[in-house]
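Student: Structure incoming, see below.
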Amino acid sequence: MFRWGVLSTARIGRDHVIPALQDAGNGVVTAIASRDLAKARALAHRFGAPHAFGSYEEMLASDVIDGVYIPLPTSEHVEWAIKATDAGKHVLVEKPLALKAEDIAPVIAARDRNRVLVSEALMVTYHPQWLKVRELIADGAVGRLRHVQGAFSYYNVDASNMRNKPELGGGGLPDIGVYPTVATRFATGREPVRLQATIERDPKFGTDIYASVKAEFEGFDLTFYCATQMAARQVMVFHGDKGFIEVSAPFNAGLYDHHRIELHNRDHTEAAVFRFPDTRQYRLEAESFARAAQGEDVPVFTLEDSVRNQKVIDAIYSAAETDGWVPVG
């Protein structure tokens, strides 16, 4: 069994990832670390973890874990990913790994010198619905792909929430803009060449709360918007000359809608629905990571892929400051 340590008591860990780590068939949470020992002990007790630490350094120095999951604020991801690898631990770090693509280079260097696995937690790349979308596109189910359309939004005006604190790496693009970009890249196997964008910022928080993006890939375009102060919505559509694929809940299936994709032909005379009941994408992510860390040849989201995805986000911010197209990378 892969022995997990969790670095902090953040909500995404408590509500989503720690239960998935415990649910996984090849891993167990053995330690929780917090800067507040009482919080670490409380969370460890809740999930039955035998060890609690009052500092991150103390847990990383221990021999009771094989790897760590890091759900700290975005601004701390790079620092603690490097410290964990230098302690000889495998690292699954919450997205976004970094706020600029160039900041990932030191993490790659730390991974290589310590010979451990480091991966950004983009769980959608492990979901069978996205494997199916990729398969359908590759098999020509929509014909020539011409356009991809996406949306991801929620409503959050809580001033205490890290997503509304720029000093912690808050903002819509780091939090959810990564998903339409990674889903398109993952499903098509292609990279954007250039893009244009507009961004709206909250005058009080200073974070980006709305972004509208048009990205040009070789052979097709991607348009999407993401927002942190709009009604909750998720959708991705892959539209070709023979048909289109619609993913109803592309990023949080089970919360926004069912695990379902629909394939329609050109004139809507035929349709196929693919369902994926009881799919637990966080569990699939945890199991794949543990297997790869233990030496199995299984696909995981690589740091090199993190760099490519972050370059898209970097380009969106740059494009919003101009009136024209900006190259990606």
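Student: Taking the Cβ-Cβ separation of Arg194 and Asp86 as r and a Förster radius of 35 Å, what is the calculated FRET efficiency to the nearest 0.05? Write out the running numbers ahead of the final one.
Tutor: Working: r = 37 Å, r/R0 = 1.07.
Calculated value: 0.40.
Student: Here's something else I'd like to know. Scan around Gly169 for amide H atoms under 5 Å from its own, H built in the peptide plane at 1.01 Å from N, and keep only partners 5 or more places away or cross-chain.
Tutor: Placed amide hydrogens put Ser75 under 5 Å from Gly169.
Student: Hey, another quick one. Treating cross-link reach as a plain straight distance, find the lysines whose alpha-carbon is under 29 Å from the alpha-carbon of Lys89, omitting any fewer than eight places away in the same chain.
Tutor: The reachable lysines, counting only those whose Cα sits under 29 Å from Lys89, are Lys39, Lys100, Lys311.
Student: For every helix of n ≥ 4 consecutive DSSP H residues, a contribution of -39,500 (n - 2.57) applies; sum these over the chain, divide by its total residues, and give [θ] at 222 nm rounded to the nearest 500 deg cm²/dmol.
Tutor: Details: 9 runs with 95 residues, N = 329.
So the calculated ellipticity at 222 nm is -8500 deg cm²/dmol.
Student: Next question. What nm distance separates the two modelled labels at Thr279 and Glu58, each placed 7 Å from Cα along Cα→Cβ?
Tutor: 4.2
Student: Which FRET efficiency value, to the nearest 0.05, do you get for Glu79 and Lys204 by plugging their Cβ-Cβ distance into 1/(1 + (r/R0)^6) with R0 = 35 Å?
Tutor: Details: r = 28 Å, r/R0 = 0.79.
Here the calculated transfer efficiency is 0.80.
Student: For a paramagnetic label modelled at 7 Å from the Cα of Ile108 toward its Cβ, which residues of region 284-309 fall within the zone defined by backbone nitrogen distances under 18 Å?
Tutor: Backbone N within reach: 300-309.
Student: Using Cα positions and a limit of under 19 Å, work out the aspartates and glutamates in reach of Lys242, with same-chain residues fewer than 8 apart set aside.
Tutor: Counting by Cα, and skipping residues close in sequence, Lys242 has these aspartates and glutamates nearby: Glu135, Asp139, Glu218, Asp221, Glu262, Asp267, Glu270.
Student: Using 0.36 nm per residue of separation minus the Cα-Cα distance, give me the extension gain between Thr302 and Arg233 in nm, one decimal. Please report the intermediate quantities before stating the final value.
Tutor: Working: separation 69, 0.36 × 69 = 24.84 nm, distance 2.81 nm.
This chain segment gains 22.0 nm when fully extended.
Student: Consider just the alpha-carbon atoms of region 2-121 and return their Rg together with their Dmax, both in angstrom.
Tutor: 13.2, 39
Student: Continuing with the same structure: For Asn161 and Asp15 in one chain, what is 0.36 nm times their gap in residues minus the Cα-Cα distance, to one decimal in nm? The partial results should precede the final answer.
Tutor: On the way: separation 146, 0.36 × 146 = 52.56 nm, distance 1.55 nm.
That works out to 51.0 nm of additional length.
Student: What whole-number volume per residue, in cubic angstrom, does the convex hull of the C-alpha atoms of the chain give? Kindly include the intermediate steps, with their values, before the conclusion.
Tutor: On the way: hull volume 42.9 nm³, N = 329.
In the chain, the Cα convex hull volume per residue is 131 Å³.
Student: Report the Cα centroid-to-centroid distance between region 239-273 and region 138-189 in angstrom, as an integer.
Tutor: So the separation of the two Cα centres works out to 18 Å.
Student: Near Lys204, which lysines are there with a Cα under 23 Å away, not counting those fewer than 8 places off in the same chain?
Tutor: Lys165
Student: For region 168-268, rounded, prolate or oblate, judged on the Cα gyration tensor with a ≥ b ≥ c (square roots of eigenvalues), a/c < 1.5 rounded, else prolate if a/b > b/c? Walk me through the numbers on the way to the answer.
Tutor: On the way: a/c = 2.31, a/b = 1.46, b/c = 1.58.
Verdict is oblate for region 168-268.
Student: Please state the relative contact order of the chain as a whole percent: Cα pairs under 8 Å, 6+ residues apart?
Tutor: Details: 736 pairs, mean separation 59.8, N = 329.
About 18 percent, as a whole number.
Throughout, read-outs are computed from the coordinates displayed, never taken from laboratory work. Everything numeric here is computed off the predicted structure, so don't read it as measured data. We place every Cβ from the backbone using ideal geometry, glycine too, and count neighbours over all the protein chains shown.
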